[in-house]
Amino acid sequence: MPVSYQRLLILLLGIALLAVAQAQTAGSQPSTSLEAVTASQPLPDGIELQAGSATLRITALRDDIVRVRISPAALPEDASWAVLPGPRTKSIAVQPIDDAASVGFRTAALEVRVDRNPLRLVIRDLAGNIISADAVGRPVRFALGGFTISKQMPADEHYFGLGDKTGSFDRRNQAYTLWNTDVGPQESTDPLYKAIPFFLAINSTRSYGLFLDNTWRTWFGFGKQARDAISFGSDGGPLDYYILYGPTPKQVVEAYAYLTGTPPLPPLWAFGFQQSRYSYTPESQVLEIAKHLRADAIPSDALYLDIDYQYKNRPFTVDPKSFPDFPTLVADLRKQHFHLVTITDLHIAQAPAQGYAPYDTGQAGDHFVKNPDGTDFVGIVWPGPAVFPDFTRAQTREWWGSLYRQFVNDGVAGFWNDMNEPSVFDGPGMTMPLDTVHHIEESGFATRTATHAEIHNIVGLENARATFEGLLKLRPDERPFVLTRATYAGGQRYGFTWTGDNSATWNHLRLATQMVLNLGVSGISMVGADIGGFGSSPAPALLTRWVELAAFSPLCRDHAAKGTQPHEVWANGKEQEAIRRRYIETRYRLLPYIYSLADESSRTGLPMMRPVFLDFPEIFAPNSGGFDHLDTEFLLGPSLLIAPPPFAETLDGYAVSFPKNHEWYDFWTGLKASPSPQAPPIAAIVVAQGLGAEISGPVSIHPPLETMPVYVRDGSIIPIQPLIQNTDETPRGPLELHVYPGPQCSGSIYLDDGHTFAYQKGEYLRQSFTCASDANAVEIKFSARQGSYAPWWKFIEVVVYDWPSAHAQARFSSSTYPLKTTYDPKQHALHMMLADVSAEAELKIVGRSNH
């Protein structure tokens, strides 16, 4: 929920004063520049150098990951809140380099050299292409407790990441501050709620990533300070960064996940439709919303309670007047197959001797952040004067997790950590003073105190961690659902996030896509934006377009602020409701595909919703022709291309961009929608409900409100299920496999019980499919299933698109009889029903060329 707009001026003034205050917190320090190498020593995994009093240590964690640590004196403590202990301490043997001009080492993928004078780090691939290099004439500089470092910026390099920043999708020619901040509205505002100091660079067909592991206030400039340089720095803390080499962007994202972790596999219901508002109260209104969703057959799985369910806005309480029988409410909602998610802000009301257990037990355990004089820091938030848990203490996180016991016993399914930047209404810059004191008592760290200037950016991370780990202890057989607003690098390890307090504007609809995409390449896969815009009331068409778009995002949550018009699916009449329902129904039919993407993300770190360049980096290659609408078109997994109108509030048409060397099918009609691979790289079709005419060349389109253009890449096999109203419901009917013939044709499905950890013991189902086709035949191969989980389906309906006529002969290797086929001439689709098969099997269909 937003701070009041009247406080916005205070916020901006506070941010303006932040740099001065942090410099004072860091203390004075002589200025140091790294000019020349004065000594060097090879290491088994890299090299250590001296530049006067400064120390540099460059090591290889893997052949494709290089870590750089630089200090004006001896290297500081080697500890990290973001990088996992295993990868951070990993190393490989390297081949030393030592000549008159430079010193360094080689791995199986990279050559790392440090020019002796002037000192300059240059990293190349083994073909001699520069991957990353220090900017010429701009040495690393330490001053006032902080540092500045610059890298050369090639003219054709593009930059993505840094989390959910507003502004342009490509970070080139932009500058950003990373300092978690509660701010609304977000329009062209920086900083925002998350600090993820990682970016992905793409230069022609080569990619690399750079992660600065520093929790202080940091900044990044891509051609702002100098037109040919990337510059970044911090007000304090260590200069500790990683270069992650691809060469593909997918490999970079996977390498970043190797360092900072992959997301846990969420419960299946988390991918259902979620309805929220600030606030549904009293409990009769909650039940009315649930009743309306079910009566109107709007598939849905979760309802949210914002702060008004609490007694005096105090976290971990329930208002006995508005919610007189909370356990019964939770039970009633579960009977209707709803999962309840409650907000639990991190501030604890300062309420001594009032029977408020979170405060009393927190005080007894000394769990609150301190002022410099040792007293508890007190700030004003929703409950009035409040204290704040010191999440850098392991015992404080354990205490925090225990506070969920009653809610867990009542059956609350998930928890929402808001206001955890941390937001403090009367604090400088709307947060804590920078000299407030945290105690670090954490495995892998030296026990010590730290100022808020160092800890601020990880408060949200450690808050979500405390919630996640607490739920694991309280409910060890159930996967936690945790939604957090603020976080730091590695926050993906603890569940979901969202883009914060957006607004009901067409521009925020556009921003939603690029913010989620940049979070995805920053490691945060489980993410979404508030449907309709939180801070104001959307026009009917805007809300409808937003539902259409969100149906293809990882988190699909409708949320709104107090005082706004209704945002629910049925708002604005039956016609709008019917369109919105259709897209939510489409999401539920696609759940086998979506859940399989979640499984992939939990294993690899690849985002579910991804920018086009992640699968098609060749769009940045020389003479590729480029790609229009890179900031609005996106992929859901490798197969679905969503192409919304970039400026849907206008009457302007647009041309859908398709990556070249592939053909694309209209998801709604099943017909081919893009020209052949020999066509120009940018092509378009006329899109209208029920139409799918093939054409070539760019054509301006303007899809009607009821149509969100969605396309399927050739060579895709997509699993689809019968419609259900919630994820507790078992689908009735066959699993559908939609086959779109093309090169490297493949697909897969993942299934488990949807909520426990039994899948970690082999109780899952994973099966892959491939297909090959020529002018006359399509051959589909089923791999042997992995895992012991039994599927809900008994039959599989295979649907093959781009089949020209009803003429077909189909044989399945597990059957001695030819299969019966039916033909849909409108979709050019051949249908056939198979008995389910778990072993290797082959389906061959011939007659494609016979018209």
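Here's a check for you: in the range 81-122, which residue that is assigned to a helix (DSSP H, G or I) and open to solvent by less than 40 Å² (accessible area, probe 1.4 Å) is nearest to T55 (Cα to Cα)?
It comes out as R88.
Return yes or no: is L765 surrounded by fewer than 20 Cβ atoms within 10 Å (Cβ to Cβ) and aliphatic (A, V, I, L, M)?
yes
Could you go through the range 269-286 and let me know if any residue there is over 15 Å from H339 (Cα atoms) and within 20 Å of the chain's Cα centre (by Cα).
No, that holds for no residue.
Cβ-Cβ distance below 6 Å, separation of 6 or more or different chains: which pairs start in the range 341-354 with a residue that is free of Cβ contacts under 8 Å to residues at least 60 places away in the same chain and end on one that is open to solvent by 10 Å² or more (accessible area, probe 1.4 Å) and in a loop (DSSP other than H, G, I, E, B)?
Note: pairs meeting the criteria are A349/R314; A349/P383; Q350/V378.
Would you mind stating whether K826 is in contact (Cβ under 8 Å) with a residue 12 or more places away in the chain, over 25 Å from E600 (Cα atoms), exposed (fewer than 15 other Cβ atoms within 10 Å of the Cβ) and touching a strand residue (DSSP E or B) at 6+ places or on another chain (Cβ under 9 Å)?
Answer is no for this residue.
Show the residue pairs that are 6+ apart or on different chains and have beta-carbon atoms under 8 Å apart, the first residue being within the range 459-477 and within 13 Å of E421 (Cβ to Cβ), the second being outside any loop (DSSP other than H, G, I, E, B) and among the small types (G, A, S).
Taking only residues 6 or more apart or on different chains, the pairs are G460/G491; L461/G491; A464/G491.
Any idea how many residues of the range 235-245 are open to solvent by less than 10 Å² (accessible area, probe 1.4 Å) and either of a type in the set (G, A, S) or within 14 Å of the chain's Cα centre (by Cα) (or both)?
Total meeting the criteria: 1.
Condition first: assigned to a loop (DSSP other than H, G, I, E, B), farther than 18 Å from Y159 by Cβ and of a type in the set (A, V, I, L, M, F, W, C). Can you find one or more residues in the range 616-632 that meet it?
no
Mind checking whether some residue in the range 491-500 is part of a loop (DSSP other than H, G, I, E, B), touching a strand residue (DSSP E or B) at 6+ places or on another chain (Cβ under 6 Å) and open to solvent by 10 Å² or more (accessible area, probe 1.4 Å)?
Yes, there is a match, as at least one residue in the range 491-500 is part of a loop (DSSP other than H, G, I, E, B), touching a strand residue (DSSP E or B) at 6+ places or on another chain (Cβ under 6 Å) and open to solvent by 10 Å² or more (accessible area, probe 1.4 Å).
Mind checking whether some residue in the range 196-203 is surrounded by fewer than 23 Cβ atoms within 10 Å (Cβ to Cβ) and in contact (Cβ under 8 Å) with a residue 24 or more places away in the chain?
The answer is yes; a qualifying residue exists.
Being farther than 24 Å from I531 by Cα, touching a residue at least 60 places away in the same chain (Cβ under 8 Å), open to solvent by 10 Å² or more (accessible area, probe 1.4 Å) and among the hydroxyl-bearing types (S, T, Y) is true for just one of S602, S596, S624. Which residue is that?
It is S602.
Taking the options S53, S31, S40, name whichever one is open to solvent by 30 Å² or more (accessible area, probe 1.4 Å), at pLDDT below 95 and among the polar types (S, T, N, Q).
Matching residue, one of S53, S31, S40: S31.
Run A290 past the list (1) in a helix (DSSP H, G or I); (2) closer than 21 Å to V547 by Cβ; (3) open to solvent by 10 Å² or more (accessible area, probe 1.4 Å) and report the number of the one that doesn't hold.
With respect to (1) in a helix (DSSP H, G or I); (2) closer than 21 Å to V547 by Cβ; (3) open to solvent by 10 Å² or more (accessible area, probe 1.4 Å), A290 is out only on (3).
Out of the residues in the range 170-190 that are surrounded by 22 or more Cβ atoms within 10 Å (Cβ to Cβ) and modelled with pLDDT of 95 or more, which is farthest from D345 (Cα to Cα)?
Looking at residues that are surrounded by 22 or more Cβ atoms within 10 Å (Cβ to Cβ) and modelled with pLDDT of 95 or more, I get R171.
Of everything in the range 123-147 that's within 15 Å of L210 (Cα to Cα) and of a type outside the set (A, V, I, L, M), which residue is most open to solvent (accessible area, probe 1.4 Å)?
Across the range 123-147, the extreme among qualifying residues is R124.
Among the residues of the range 841-849, are any open to solvent by 70 Å² or more (accessible area, probe 1.4 Å) and in contact with a helix residue (DSSP H, G or I) (Cβ under 8 Å, 6 or more places away or on another chain)?
No; the residues of the range 841-849 include none that is open to solvent by 70 Å² or more (accessible area, probe 1.4 Å) and in contact with a helix residue (DSSP H, G or I) (Cβ under 8 Å, 6 or more places away or on another chain).
Looking only at the range 798-842, count how many residues are part of a strand (DSSP E or B), of a type in the set (A, V, I, L, M) and within 24 Å of T669 (Cβ to Cβ).
8
List every residue pair whose Cβ atoms lie under 6 Å apart, where the two residues are 6 or more positions apart in sequence or sit on different chains, the first residue falls within the range 220-231 and is in contact (Cβ under 8 Å) with a residue 60 or more places away in the chain, and the second residue, located anywhere, is open to solvent by less than 20 Å² (accessible area, probe 1.4 Å) and among the basic types (K, R).
F222/R171; I230/K151
Among what's in the range 149-163 and is open to solvent by less than 10 Å² (accessible area, probe 1.4 Å) and aliphatic (A, V, I, L, M), pick the residue that is nearest to the chain's Cα centre (by Cα).
L162
Could you check the range 340-376 and list, in sequence order, the residues that are under 19 Å from L471 (Cα atoms) and open to solvent by 20 Å² or more (accessible area, probe 1.4 Å)?
A357, T361
Rundown of residues vs (1) modelled with pLDDT of 95 or more; (2) within 23 Å of P617 (Cα to Cα), yes/no style:
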| residue | (1), (2) |
| --- | --- |
| S207 | yes, yes |
| N214 | yes, no |
| Q225 | no, no |
| L239 | yes, no |
| Y242 | yes, yes |
| K250 | yes, yes |
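For the range 262-277, enumerate the residues that are within 19 Å of L636 (Cβ to Cβ) and either of a type outside the set (A, V, I, L, M, F, W, C) or part of a loop (DSSP other than H, G, I, E, B) (or both).
Result: T262, P263, L265, P266, G272, Q274.
Hey, among P611, P638, P607, which residue is open to solvent by 10 Å² or more (accessible area, probe 1.4 Å), of a type outside the set (G, A, S) and modelled with pLDDT of 95 or more?
P638
For the range 293-309, give me each residue that is open to solvent by 10 Å² or more (accessible area, probe 1.4 Å) and of a type outside the set (A, V, I, L, M).
R294, D296, D308
Return the only residue of S503, S525, S553, S537 being open to solvent by 10 Å² or more (accessible area, probe 1.4 Å), within 30 Å of L210 (Cα to Cα) and either of a type outside the set (V, I, T) or touching a Phe, Trp or Tyr at 6+ places or on another chain (Cβ under 6 Å) (or both).
One residue alone meets the criteria, S553.
Which condition number in (1) among the aliphatic types (A, V, I, L, M); (2) part of a helix (DSSP H, G or I); (3) within 18 Å of P422 (Cβ to Cβ) is the one that L509 fails?
(3)
What pairs come up if the first residue lies in the range 492-516 and is on the phi > 0 side of the Ramachandran plot, the second is among the hydroxyl-bearing types (S, T, Y), and their beta carbons are under 8 Å apart, counting only those six or more places apart or on different chains?
G495/T484; G500/Y193
Being part of a loop (DSSP other than H, G, I, E, B) and either in contact with a strand residue (DSSP E or B) (Cβ under 6 Å, 6 or more places away or on another chain) or farther than 19 Å from L705 by Cβ (or both) narrows it down to one of P638, P644, so name that one.
Exactly one of P638, P644 is part of a loop (DSSP other than H, G, I, E, B) and either in contact with a strand residue (DSSP E or B) (Cβ under 6 Å, 6 or more places away or on another chain) or farther than 19 Å from L705 by Cβ (or both), namely P638.
The values are calculated or read from the model by the stated rules, or taken from the named source; none is laboratory data. All figures in this text were calculated on a predicted structure; none of them were measured in a lab. As a convention, Cβ positions derive from the backbone with ideal geometry for all residues, glycine included, and neighbour counts pool all protein chains shown. Keep in mind that these areas ignore ligands, DNA and RNA; they rest on the heavy atoms of the full protein, side chains included. Shrake-Rupley method; radii C 1.70, N 1.55, O 1.52, S 1.80 Å.
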